[in-house]
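K.L.:
Quick one: this structure, given as structure tokens, is what I'll be asking you about.
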Amino acid sequence: MARVWLFGDDVDTDQIVPGRYAPYMRPGEDVAQFAFIEARPDFASDAQPGDVIVAGENFGCGSSREYAPEALRRRGIGAVIARSFARIFYRNAVNLGIPVFVSATLAESLADGEQVTLDAGTGRLTSQSGSHELPAPPAFVREILDAGGIVAYVRSTGHFPGEPGGGGQT
Amino acid sequence: MPQTIAEQILSNAAGRRVEAGDLVVVSPDLVMTHDSLTPSIVRIMKEDLGIARVFDPSRVAVVIDHVAPASTVGTANAQNEVRRFAREQGIRLFDVGRGICHQVLVEEHLARPGMLILGSDSHSTSYGAVGAFGSGMGSTDIALALGTGKTWLKVPETIRLVFEGRFRAGVDAKDLALRVGRELTIAGATYCAVEYHGLDWLDLPGRQTLASMAVEIGAKAGIVPPTGAALDGLAPPSWLAFDPSAPVSREHRIDLSSLEPQVALPHAVDNVVDLGEVAGKPVDVVFVGTCTNGRYADLRIVADLLNGRRIAPGVRLMVSPSSSLVFERAASDGTLARLVAAGATVTAPGCGPCMGRHQGTLGDEEVCLSTGNRNFKGRMGSPSAQIYLASPHVAAATAITGSITHPAEVI
């Protein structure tokens, strides 16, 4: 079972990891421990591998800092499911191999702290209120996630998404 | 069919005609990295991708601006790593003191009309001020671009903003940038390019202010058509043309002649009101700086409005010039001396306290009026601090009175 961490709209990357906690400012420390350190201290202390972030609109807006999704990845977050994502965060998360789903309704049907099970491969999430089929990401996103991130994707396929010989005609 | 500016630039970068919605692989004309993320970018390029050299050192620029000069042993060591990398690769380095990446690349004419510019900083939309497609990316994307000379992206749809009229006295491009955020909202241009029309008359600093904040409405790029006297010396390439009949997803009009000074309230960039609604709010700090409003024109506005007066007792006025050229110009004509005489603290050129890392980090419950671009909770320091965003005109008026003040009241 995984815990749901419920967030509202417009969670910015300064909430996820404040710039003052960047690896640049705190070399030698694991950025994972700073995930939501100020905005959601209970997340910073209690989030467990496999836990799921469920949020409203525009998750991850603001800075391009990849250490924000990197902190969530190192924390072992099972997926980030939001009504919508900010562009740079979504791209960074996919690049790092973090399962991301866009769901218009999920945030309304789950409560913070609720226990769920998620199969990130199929997008099936089961909660006390029932079973939810999360919309599948675009095919090229799925391919990058399946490879484990964009570095592994490029190294194994030898090309970028959308480049001839590859997927991404989405 | 006529193309938007974004489609034209990405067609050129892709080497074929592309249109909104296409997933394309493109070659950037310029890749910019800064001190905050360069060490992680280098590690990903060398260790994860196994690539030893950047694709073309002449198309890369590295700027040390995010913590300049270093504030800790850690940042000092990281900056030396950045310097070693630039030296080893033959990359042009703009070291401590030169200024904020987005200002420096424009001053150096490294950013030019029609270019595709990728930066490891979300405010890379700033390059739209000179008619370039500038976009911010994370460390992994930038590492891939440095290592392979390519990136992939989806050609964005375009939102066309059409501006009518001119600013009233005491209103400037920052009020417009905030107004755009207010009307389109923080995610209103997500995945889109924004084109700003009706601004042939607007000077380059005003264009930079506007384009820098395109990312604050979620845009992938924010482009001012490269026309008008502001672009003197930056001729657009022959293939780049502005066609008002190019298909866009949305057109939105804003009347400048009725625009009031705007203020973004804590803790969101689109939480914007007319100044009158927040007038009188006492502040502890006024900050003038950042890639959005740290240029000579901004310092000059503040010095002129102060006009020999001291700032209010108990208020700190922090000024961070956005570049060494800004600093020099403001020093040589007495603008800096006037600011200091009024009680301002002037920092080294760079990002200053915008990210709360140094040079004026905010403490608990402090209230700051900033000419910067972000007022997220904790952005400039303590999460209980409050950040109000406004123009340099409003910053000056507020520094004089100690509370948020309409510029007309101090003229």
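The values are calculated or read from the model by the stated rules, or taken from the named source; none is laboratory data. Worth saying up front: this structure is predicted, and the values here are computed from it rather than measured. Quick reminder, even Gly has a Cβ in these numbers, built from the backbone with ideal geometry, and neighbours come from all protein chains shown. All accessible areas refer to the heavy atoms of the entire protein, side chains included, with ligands and DNA or RNA removed. Shrake-Rupley method; radii C 1.70, N 1.55, O 1.52, S 1.80 Å.
K.L.:
List the pairs whose first member sits in region B:58-87 and is under 19 Å from B:Ser124 (Cα atoms) and touching a residue at least 24 places away in the same chain (Cβ under 8 Å), whose second member is of a type in the set (Lys, Arg) and assigned to a loop (DSSP other than H, G, I, E, B), and whose Cβ atoms are under 6 Å apart, counting only residues at least 6 apart or on separate chains?
P.N.:
Listed pairs, sorted by first residue: B:Val67/B:Arg357.
K.L.:
Ok, one more. Could you figure out which of (1) buried (at least 21 other Cβ atoms within 10 Å of the Cβ); (2) more than 26 Å from B:His406 (Cβ to Cβ); (3) within 14 Å of another protein chain (Cβ to nearest Cβ) isn't true of B:Gly181?
P.N.:
Single failed check for B:Gly181: (2).
K.L.:
Going by what's in this entry, would B:Thr209 be described as under 30 Å from A:Val154 (Cα atoms), more than 14 Å from chain A (Cβ to nearest Cβ) and touching a helix residue (DSSP H, G or I) at 6+ places or on another chain (Cβ under 8 Å)?
P.N.:
When the stated conditions are applied, B:Thr209 does not pass them.
K.L.:
Need at least 2 residues that are farther than 26 Å from B:Ser120 by Cα per element, so show me which strands (runs of 3 or more DSSP E) inside region A:52-170 make the cut, counting only ones lying wholly within it.
P.N.:
A:52-55, A:115-119, A:124-127, A:130-133
K.L.:
Further question: Sort out which residues of region B:251-279 are over 30 Å from A:Ala39 (Cβ atoms), open to solvent by 10 Å² or more (accessible area, probe 1.4 Å) and in contact with a Leu (Cβ under 9 Å, 6 or more places away or on another chain), and write them in order of number.
P.N.:
B:Glu251, B:His252, B:Arg253, B:Glu260, listed by residue number.
Table: residues versus (1) out of contact with any helix residue (DSSP H, G or I) (no Cβ under 8 Å at 6 or more places or on another chain); (2) assigned by TED's automatic domain parsing to the domain that holds B:Ala20; (3) closer than 21 Å to B:Arg112 by Cα; (4) of a type in the set (A, V, I, L, M).
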| site | (1), (2), (3), (4) |
| --- | --- |
| B:Ala219 | no, yes, yes, yes |
| B:Val224 | no, yes, yes, yes |
| B:Glu251 | yes, yes, no, no |
| B:His267 | yes, no, no, no |
| B:Leu275 | no, no, no, yes |
| B:Gly294 | no, no, yes, no |
| B:Leu306 | no, no, no, yes |
| B:Ile311 | no, no, no, yes |
| B:Leu325 | no, no, yes, yes |
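Results for (1) of a type outside the set (Asp, Glu); (2) at positive phi, shown as yes or no for each residue.
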{"site": "B:Asp298", "(1), (2)": "no, no"}
{"site": "B:Gly314", "(1), (2)": "yes, yes"}
{"site": "B:Met318", "(1), (2)": "yes, no"}
{"site": "B:Ser324", "(1), (2)": "yes, no"}
{"site": "B:Leu336", "(1), (2)": "yes, no"}
{"site": "B:Cys351", "(1), (2)": "yes, no"}
{"site": "B:Ser370", "(1), (2)": "yes, no"}
{"site": "B:Asn373", "(1), (2)": "yes, no"}
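K.L.:
Still on this model: Give region B:5-19 a look and list any residue that's buried (at least 20 other Cβ atoms within 10 Å of the Cβ) and away from chain A (no Cβ under 11 Å), or say none.
P.N.:
Hits for region B:5-19 are B:Ile5, B:Ala6, B:Glu7, B:Gln8, B:Ile9, B:Leu10, B:Asn12, B:Ala13.
K.L.:
Determine which member of the set A:Gln169, A:Gln115 is surrounded by fewer than 20 Cβ atoms within 10 Å (Cβ to Cβ), of a type outside the set (Phe, Trp, Tyr) and at pLDDT 95 or above.
P.N.:
That would be A:Gln115, the only listed residue that is surrounded by fewer than 20 Cβ atoms within 10 Å (Cβ to Cβ), of a type outside the set (Phe, Trp, Tyr) and at pLDDT 95 or above.
K.L.:
Since B:Leu305 meets every condition but one in (1) in a helix (DSSP H, G or I); (2) touching a strand residue (DSSP E or B) at 6+ places or on another chain (Cβ under 9 Å); (3) closer than 17 Å to B:Val410 by Cβ, which condition does it not meet?
P.N.:
With respect to (1) in a helix (DSSP H, G or I); (2) touching a strand residue (DSSP E or B) at 6+ places or on another chain (Cβ under 9 Å); (3) closer than 17 Å to B:Val410 by Cβ, B:Leu305 is out only on (2).
K.L.:
Can you report the number of residues in region A:98-112 which are modelled with pLDDT under 95 and either open to solvent by 60 Å² or more (accessible area, probe 1.4 Å) or closer than 22 Å to A:Ala147 by Cα (or both)?
P.N.:
3
K.L.:
Further, regarding this structure: If you check A:Arg91, A:Arg26, A:Arg87, which single one turns out to be farther than 24 Å from A:Leu145 by Cβ, open to solvent by 10 Å² or more (accessible area, probe 1.4 Å) and at pLDDT 95 or above?
P.N.:
A:Arg26
K.L.:
Take the residues in region B:191-216 that are open to solvent by 30 Å² or more (accessible area, probe 1.4 Å) and in contact with a strand residue (DSSP E or B) (Cβ under 9 Å, 6 or more places away or on another chain); name whichever of them is farthest from B:Ala20 (Cα to Cα).
P.N.:
B:Gly198
K.L.:
Right, next: Here is a list: B:Ser245, B:Ser257. Which entry is assigned to a loop (DSSP other than H, G, I, E, B), in contact with a Phe, Trp or Tyr (Cβ under 9 Å, 6 or more places away or on another chain) and farther than 25 Å from B:Glu107 by Cβ?
P.N.:
None of the other options fit; the residue is B:Ser257.
K.L.:
Right, another one. Mind checking which residues of region B:45-55 are outside any helix (DSSP H, G or I) and within 10 Å of chain A (Cβ to nearest Cβ)?
P.N.:
B:Leu49, B:Gly50
K.L.:
Of all residues being within 8 Å of chain B (Cβ to nearest Cβ) and free of Cβ contacts under 8 Å to residues at least 24 places away in the same chain in region A:71-109, which is farthest from B:Glu216 (Cα to Cα)? Just the residue, please.
P.N.:
Per the criteria, the residue is A:Arg91.
K.L.:
Follow-up question, since we're still on this one. Looking at region B:184-206, which of the residues that are away from chain A (no Cβ under 12 Å), under 17 Å from the mean Cα position of the chain (by Cα) and outside any helix (DSSP H, G or I) is nearest to A:Asp14 (Cα to Cα)?
P.N.:
Checked region B:184-206; the qualifying residue nearest to A:Asp14 (Cα to Cα) is B:Val194.
K.L.:
Is it the case, given these coordinates, that B:Arg310 is among the charged types (D, E, K, R) and surrounded by fewer than 21 Cβ atoms within 10 Å (Cβ to Cβ)?
P.N.:
It is true that B:Arg310 is among the charged types (D, E, K, R) and surrounded by fewer than 21 Cβ atoms within 10 Å (Cβ to Cβ).
K.L.:
Anything in region A:21-70 that is over 25 Å from B:Ala76 (Cα atoms), facing chain B (nearest Cβ under 9 Å) and hydrophobic (A, V, I, L, M, F, W, C)? List them, or say none.
P.N.:
If the condition is that a residue be over 25 Å from B:Ala76 (Cα atoms), facing chain B (nearest Cβ under 9 Å) and hydrophobic (A, V, I, L, M, F, W, C), then A:Ala39, A:Cys61 are the ones that fit.
K.L.:
Please state which of the following conditions B:Ala337 fails to meet, knowing it meets all the rest: (1) among the hydrophobic types (A, V, I, L, M, F, W, C); (2) in a helix (DSSP H, G or I); (3) touching a strand residue (DSSP E or B) at 6+ places or on another chain (Cβ under 7 Å).
P.N.:
The one condition B:Ala337 does not meet is (3).
K.L.:
Would you tally the residues in region A:38-51 being in a helix (DSSP H, G or I) and over 20 Å from A:Met1 (Cβ atoms)?
P.N.:
Residues in region A:38-51 being in a helix (DSSP H, G or I) and over 20 Å from A:Met1 (Cβ atoms): 2 in total.
K.L.:
So which pairs qualify, if the first residue must be in region A:136-149 and away from chain B (no Cβ under 11 Å), the second must be basic (Lys, Arg), the Cβ gap must be under 7 Å, and the two must be at least 6 apart or on different chains?
P.N.:
Pairs found: A:Ala136/A:Arg142.
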